[in-house]
Amino acid sequence: MKRHMALGDFLVAYLRKIGVDHIFGIPGDLALKLFFALGRRQGMKIITFSHEPGVGFAADGYARATGKIGVACVTYGAGGHNMVNPVAGSFSERVPILIFSGGPGEEERKLGTLIHHQAREIESQHRIFQEVTCASRVLTDPLRAARELHEVVSAIWAEQRPGYIEIHRDMVDQIIDVPDELIEWDGHLHWHESDARKVEEAARETAAMFNHSRHPITITGIEIHRYKASHELVSLAEKMGAPVCTTVLGKGAFPMDHPLHLGVHVGPISPPPIVQRMDRADFVLNLGCLKTDMNFGNRPPRVIQGKTVWSVDRKVDVKYHTYTDVGVRDFVRALLKQKLRAHKETVTYADNLRDVPARDGKQVRVGQILLAVNEFLSAHRRYMVVTESGDMLFGGLDVRVPHHGTYLAQGFYASMGFAVPAAIGAQIGSGMRPLILCGDGGFQMTGPEISHAPILKLNPIVLLINNGGWGIFRPVVERRELLDIPPWPYAALARDWGGTGFEVRTLSELRNALVEADKAQSFVIIDIKVERDDLSPVTVKYIKAAAKRSQAPRKAARGFAR
């Protein structure tokens with residue numbers, strides 16, 4: 001960094017200082033100067049995609065897999081507006097990404113006429129992004145530009161949510177002032193500081209509750225991931241000795257093969273052993289769990305009156321009162337320092353696959369696919385699992401990634417089209433090979449982005465569960481034909497795009513295809529033909545529970561009428 005430098009050069013220097021070396025994007029006329037400034041010699045590694053949603057999901061996957069800030073660069077209007085959906089998902093799920101957008105120059109704005117790509121007003125795109133980011137700026141002042149960028153990035157890191165920077169094309173080469181404190185800064189970003197006195201008191205009170213309990217349990221959520229507290233959580237769990245569940249959104253925040261891992265808690269539709277253990281609990285420690293319908297089976301979270309501690313959103317609820325300004329990581333560290341009575345309990349991992357038949361020779365079922373995936377993962381290290389929304393979001397809850405493997409899914413926002421581009425971004429950032437669980441409906445949205453894999457020297461494996469449509473909705477609609485989609489030749493497309501393709505119908509064929517896919521140097525699509533109405537065990541439970549709830553008011557109304 002220099003005291004005076006072009007804004008485009010400053011962006012590269014700043015991003016390097018915070019450890020960013022990849023930018024995902026698509027060039028466009030109002031962002032060309034910005035795009036190529038970032039990609040100059042000694043600049044960033046620019047990763048381009050075919051459509052902006054793929055850009056957004058890839059930056060999101062990169063951030064989830066690496067723990068760094070994911071960065072995207074798109075053009076104004078037609079490009080920026082295409083990014084709103086993936087950015088909204090990152091906002092909902094606490095993923096730190098930085099979006100750069102180009103924009104019209106000062107001379108164009110002075111014309112007083114509409115500018116191509118403009119929606120309502122020139123400022124409209126910025127206003128839209130204010131709804132799905134924690135901080136945003138349009139950089140127009142050379143004296144303030146460097147500081148404003150730093151303010152947005154600092155907020156992104158502290159909040160673990162997206163931020164937005166708009167740079168109009170005549171600003172890219174503008175000479176800006178860089179404050180001395182940024183030149184001397186070591187690039188280290190900080191989370192919000194906790195109030196040490198409140199942290200200590202909250203931990204002391206929580207420890208007393210735990211020590212008086214006989215059947216404690218811990219539920220782990222997404223903030224443990226985002227605030228890099230997984231190692232501390234493992235130490236705390238081993239000190240406590242109580243079973244640990246994760247939420248849907250927090251799956252992977254606690255090692256899936258740890259002897260204290262009980263499984264994924266999804267409220268009343270959890271595996272029966274988890275439901276029974278929760279019913280026995282006399283103390284529940286919730287760490288970083290967002291209070292969402294997806295995390296708790298579309299039901300309000302179960303709060304044991306007076307015996308629940310909830311640490312999330314920089315506060316800790318203990319019994320009937322709240323400690324503010326307490327981050328979950330600081331809270332976990334403070335609990336580790338407390339004197340805790342070691343609880344002793346034999347924990348048996350629970351999933352929904354216990355009753356899935358292992359027979360072969362017939363058309364493979366979704367439950368059998370999940371069993372085969374678990375067999376494969378138990379024998380192969382260095383794989384991450386990325387699941388698509390829809391049936392595979394629920395099916396993925398029964399996937400167990402051992403060896404401290406990574407698991408990625410949009411467990412709350414649940415936008416279809418997430419998995420393939422997110423897996424590409426995640427492999428670029430982490431180097432781990434992705435195993436992608438994806439329905440044919442989700443694949444037809446963004447799956448063709450996998451055609452970029454050979455250029456990028458990536459080799460993800462896609463298990464494409466092919467039921468001919470948006471199958472998760474078939475049990476709940478009358479006009480099922482509206483859910484059908486065209487039958488793409490997925491295996492042939494894989495070969496045409498430079499990868500490897502398989503078609504399988506039986507369990508043994510799937511196992512053989514996985515063996516061959518593991519050997520492949522290129523990306524692989526395994527087209528798995530399943531019955532049209534076949535769904536994962538958790539999806540079936542979720543749909544039945546939702547149907548039961550939707551009918552309850554009608555039954556009550558009929559009873560009232562009588």
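The values are calculated or read from the model by the stated rules, or taken from the named source; none is laboratory data. From a predicted model like this one, the values you see are computed outputs, not experimental measurements. All Cβ positions, glycine included, derive from the backbone under ideal geometry; neighbour counts span all protein chains shown.
Points worth noting:
Yes/no per residue for (1) closer than 25 Å to K68 by Cβ; (2) touching a Ser or Thr at 6+ places or on another chain (Cβ under 6 Å); (3) polar (S, T, N, Q); (4) not assigned by TED's automatic domain parsing to the domain that holds V326:
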| position | (1), (2), (3), (4) |
| --- | --- |
| S136 | yes, no, yes, yes |
| D141 | no, no, no, yes |
| A145 | yes, no, no, yes |
| A158 | yes, no, no, yes |
| E166 | yes, yes, no, yes |
| V172 | yes, no, no, yes |
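- Residue in segment 189-198 that is farthest from I115 (Cα to Cα), counting only those that are surrounded by 15 or more Cβ atoms within 10 Å (Cβ to Cβ) and out of contact with any Gly (no Cβ under 8 Å at 6 or more places or on another chain): K198
- If the condition is being among the charged types (D, E, K, R), within 30 Å of the chain's Cα centre (by Cα) and not in a helix (DSSP H, G or I), then segment 189-225 contributes E193, D195.
- Flag if V538 is in contact (Cβ under 8 Å) with a residue 40 or more places away in the chain, out of contact with any Gly (no Cβ under 8 Å at 6 or more places or on another chain) and aliphatic (A, V, I, L, M): no
- Extreme residue, farthest from T346 (Cα to Cα), among residues of segment 245-264 that are free of Cβ contacts under 8 Å to residues at least 40 places away in the same chain and surrounded by 20 or more Cβ atoms within 10 Å (Cβ to Cβ): A253
- Subset of segment 160-186 (residues that are under 12 Å from G102 (Cβ atoms) and among the aromatic types (F, W, Y)): none
- Lone unmet requirement of (1) at negative phi; (2) assigned to a loop (DSSP other than H, G, I, E, B) for I455: (2)
- Top-ranked residue in segment 325-351 [being closer than 30 Å to Y542 by Cβ, under 24 Å from the mean Cα position of the chain (by Cα) and not β-branched (V, I, T); ranked as surrounded by the most Cβ atoms within 10 Å (Cβ to Cβ)]: A350
- Subset tally (residues that are surrounded by 16 or more Cβ atoms within 10 Å (Cβ to Cβ) and not in a helix (DSSP H, G or I)) for segment 178-188: 1
- Unique residue being over 24 Å from the mean Cα position of the chain (by Cα) and among the acidic types (D, E) when the list is E232, E238: E238
- For I217, the conditions (1) over 24 Å from G250 (Cα atoms); (2) surrounded by 22 or more Cβ atoms within 10 Å (Cβ to Cβ); (3) touching a Pro at 6+ places or on another chain (Cβ under 7 Å) all hold with the exception of (1).
- Which listed residue, of G306, G250, is under 19 Å from the mean Cα position of the chain (by Cα), of a type in the set (G, A, S), at pLDDT below 95 and not in a helix (DSSP H, G or I): G250
- The residues in segment 271-291 that are under 21 Å from the mean Cα position of the chain (by Cα) and in contact (Cβ under 8 Å) with a residue 60 or more places away in the chain can be counted, and the count is 5.
- Within segment 408-421, residues that are without any contact (Cβ under 8 Å) to a residue 60 or more places away in the chain and more than 13 Å from G61 (Cβ to Cβ) reach partners that are assigned to a helix (DSSP H, G or I) and of a type outside the set (A, V, I, L, M) with beta carbons closer than 7 Å, at six or more positions or on different chains, in the pairs M416/G441; M416/G442.
Conditions (1) aliphatic (A, V, I, L, M); (2) assigned by TED's automatic domain parsing to the domain that holds G263; (3) surrounded by fewer than 21 Cβ atoms within 10 Å (Cβ to Cβ), marked per residue:
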site: L353; (1), (2), (3): yes, no, yes
site: V356; (1), (2), (3): yes, no, yes
site: D360; (1), (2), (3): no, no, yes
site: F376; (1), (2), (3): no, no, yes
site: R381; (1), (2), (3): no, no, yes
site: D391; (1), (2), (3): no, no, no
site: G396; (1), (2), (3): no, no, no
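- Test: G80 is touching a strand residue (DSSP E or B) at 6+ places or on another chain (Cβ under 6 Å), of a type in the set (G, A, S) and under 19 Å from E131 (Cβ atoms): yes
- Top-ranked residue in segment 458-487 [being among the polar types (S, T, N, Q) and assigned to a loop (DSSP other than H, G, I, E, B); ranked as farthest from K519 (Cα to Cα)]: N467
- E223 meets each of the listed conditions (1) in the same structural domain as A13 (by TED's automatic domain parsing); (2) among the charged types (D, E, K, R); (3) closer than 24 Å to P96 by Cα apart from (1).
Each row is one residue, and each column tells you yes or no for (1) at pLDDT below 95; (2) surrounded by fewer than 16 Cβ atoms within 10 Å (Cβ to Cβ); (3) among the β-branched types (V, I, T).
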{"site": "N512", "(1), (2), (3)": "no, yes, no"}
{"site": "I525", "(1), (2), (3)": "no, no, yes"}
{"site": "I528", "(1), (2), (3)": "no, no, yes"}
{"site": "K541", "(1), (2), (3)": "yes, no, no"}
{"site": "R549", "(1), (2), (3)": "yes, yes, no"}
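- Residues satisfying the stated conditions in segment 27-43, i.e. outside any helix (DSSP H, G or I) and surrounded by fewer than 21 Cβ atoms within 10 Å (Cβ to Cβ): P27, G39, R40, R41, Q42, G43
- Qualifying residues in segment 167-177 (those that are surrounded by 15 or more Cβ atoms within 10 Å (Cβ to Cβ) and among the β-branched types (V, I, T)) - the one farthest from the chain's Cα centre (by Cα): I176
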